[in-house]
Amino acid sequence: MESSCVSFISIRFDKSYLKTFRRGKDKDPHSFRACGGEIEAEMGRAFVYVILGGGVAAGYAALEFSRKGISPGDLCIISEESVVPYERPALSKGFLLPEAPARLPSFHTCVGANDERLTPKWYREHGIELVLGTRVRSVDVRRKTLLTATGETISYKILIVATGARALKLEEFGVKGSEAENVCYLRNVADATRLVNVMQSCVGGNAVVIGGGYIGMECAASLVINKINVTVVFPEAHCMARLFTPKIAQYYEDYYKSKGVKFVKGTVLSSFETNSEGKVTAVTLRDGTRLPADMVVVGIGIRANTSLFDDQLTLEKGGIKVNGRLQTSNSSVYAVGDVAAFPVKIFNEIRRLEHVDSARKSARHAVAAIMEPNKTGDFDYLPFFYSRVFTLSWQFYGDNVGEAVHFGDFSDKTFGAYWVYKGQITGSFLEGCSKEEYEAIAKLTRLRPMVQDLDELAKQGLEFALKNVEKQPETVPVTTEPVPSRVEIPLEKPLYAWHASAGVVVAVSIAAFAYWYGRRRRRW
């Protein structure tokens, strides 16, 4: 019974034969429960580490575990999906292309970070158990067990929750019709495959996209490329309202319009019209607008999958609250990716971030914290978002609070913005630039410099970041001491006279202290 994949049986002992079983450093997977004269073991399997969820974060965590030297049989990944972890962003981009579309296994993790591609063979070779196509019905964090829908019990010593999030359905907003065969959502490979099949039957037809966020805008671009007429509907005043300023949004909306996309803003879906076959033929909006539709794509947000832990772990910001080591209120449970609400050190507050970059990096950090606790500090993450549509590519870092300072040529393809709050840069956005330029605004945002003249900042634009980050050291890794929360970077030349004066004050203060301390010692 040395294997971690052991089927247990119930064993009855007389009191004279009772023994004490301890779970120690030997990683013994057997979990026994004594009651009177009986010792009973639960039917199932046991592992040292279990990752619950098979999305992006699970793949990056698995790679990190393998590099930290886990033994074969120590790790198990449980996923509702029938495929091993993959790069989810591909679903709304390359997967939907009409020519040379991306298909598995080409985008399994961890190719999104230019790292190894973890195919099913890779997991087998590294002794990582995959429990795919399996739903977990309940979790008992006190007993460290999971119960699957098939009735199997899986126990663990350390659990990483990577359950991600689910797509919000229209029915949650009082609109029926999600079951129609030409109404599509996009969250997993099965959704993407269904969407492709519907698209191929609608070439030349009309598609209505509900939602102006990530999924809505990226799917709209893919539908156009597939020669489908697209109308995007959303209640906000402009697309990507949670992130874009009106000026930035206008640029992208104009670009989409040049590709034939139409926008209907300030209203929401009210109902569907269907034919005798149950297919949607038209969309009715709350403002009375009627839009013909051969297909509908719904992208109205996601909700973190926390239900298994609602009464067992501390929740916050719609997710599972964790500390800087990604550890939950139960010391044996960690949470990563979309489901984790973690401290963002640069802003000194708890946030839950719905983006692939956060999933990748939080997963790696959690594993480092588990495997090398003495070498791993708190997670020091700079919020990062990006998207690529048509020939456009933008990146955003930090937070979009405060006053937006736009720069660059909005009639061209290279422009950006800084966000300044109380005189300090808190966020930055850039479209159409090089890798070095994107890295520069990332470093600048982490430094959070103070600026005095917003007009001068707008005038210098990207050059402000390029000039000032050259003077600063490289960003420190998240596993060491954090960089200062704010760094003074003037828009003009440094005030060397002020520096000299400050030095004199410090020197005089040290001399005075030395004199006082010497007199006290003589009195002692």
**Complete:** Two pseudo-spin positions, 7 Å from Cα along C-beta at Asp453 and at Asp310, lie apart in nanometres by 5.7 nm
**Item:** For the range 210-322: relative contact order, % (alpha-carbon pairs under 8 angstrom, 6 or more apart)
**Value:** 25 percent
**Message:** Multiplying the sequence separation of His126 and Lys375 by 0.36 nm and subtracting their Cα-Cα distance, what value in nm do you get?
**Reply:** 87.2 nm
**Message:** If you wrap a convex hull around the alpha carbons of the range 37-132, what volume per residue comes out, as a whole number of Å³?
**Reply:** 108 Å³
**Prompt:** How much length, in nm to one decimal, is gained on full extension between Arg137 and Asn197, taken as 0.36 nm per residue of separation minus their Cα-Cα distance?
**Reply:** 18.5 nm
**Item:** Isotropic mean projected area of the C-alpha convex hull, the range 261-351 (nm²)
**Value:** 10.0 nm²
**Request:** Once you have the Kirkwood Rh of the range 163-222 from its Cα pairs, apply Stokes-Einstein at 10 °C and 1.306 mPa s and quote D in µm²/s.
**Result:** 126 µm²/s
**Message:** Given all pairs of different Cα atoms, what value in angstroms does the Kirkwood hydrodynamic radius of the range 214-324 take?
**Reply:** 16.5 Å
**Peptides 415-421, 401-407 ordered by average Cβ neighbours within 10 Å, highest first** = 415-421, 401-407
**Fill in**
Expressed in angstrom and rounded, the centroid-to-centroid distance over alpha carbons for the range 360-404 and the range 207-248 is 25 Å
**Message:** List the trypsin sites (Lys or Arg not before Pro) within the range 371-461 that DSSP assigns to loop and that have no more than 12 neighbouring Cβ atoms inside 10 Å.
**Reply:** Lys375, Lys422
**Message:** Please list, ordered by chain and number, the residues whose modelled amide H lies under 5 Å from the amide H of Glu81; skip anything fewer than 5 residues away on the same chain.
**Reply:** Gly54, Gly133, Thr134
**Request:** Determine, from the Cβ-Cβ distance of Asn275 and Arg103 and an R0 of 30 Å, the FRET efficiency 1/(1 + (r/R0)^6), rounded to the nearest 0.05.
**Result:** 0.40
**Complete:** Using alpha-carbon positions, the gyration tensor of the range 339-379 gives root eigenvalues a ≥ b ≥ c; with a/c under 1.5 called rounded, otherwise prolate if a/b exceeds b/c, else oblate, the class is oblate
**Request:** Distance from a point 7 Å along Cα→Cβ of Lys68 to each backbone N in the range 344-376: keep the residues under 11 Å and list them by number.
**Result:** 363-376
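Read the figures in this text as sums done on the coordinates, not as results from a lab. No experiment lies behind these values; they were computed from the predicted model shown. Cβ coordinates were reconstructed from backbone atoms using ideal geometry, including for glycine residues, and neighbour counts include every protein chain displayed.
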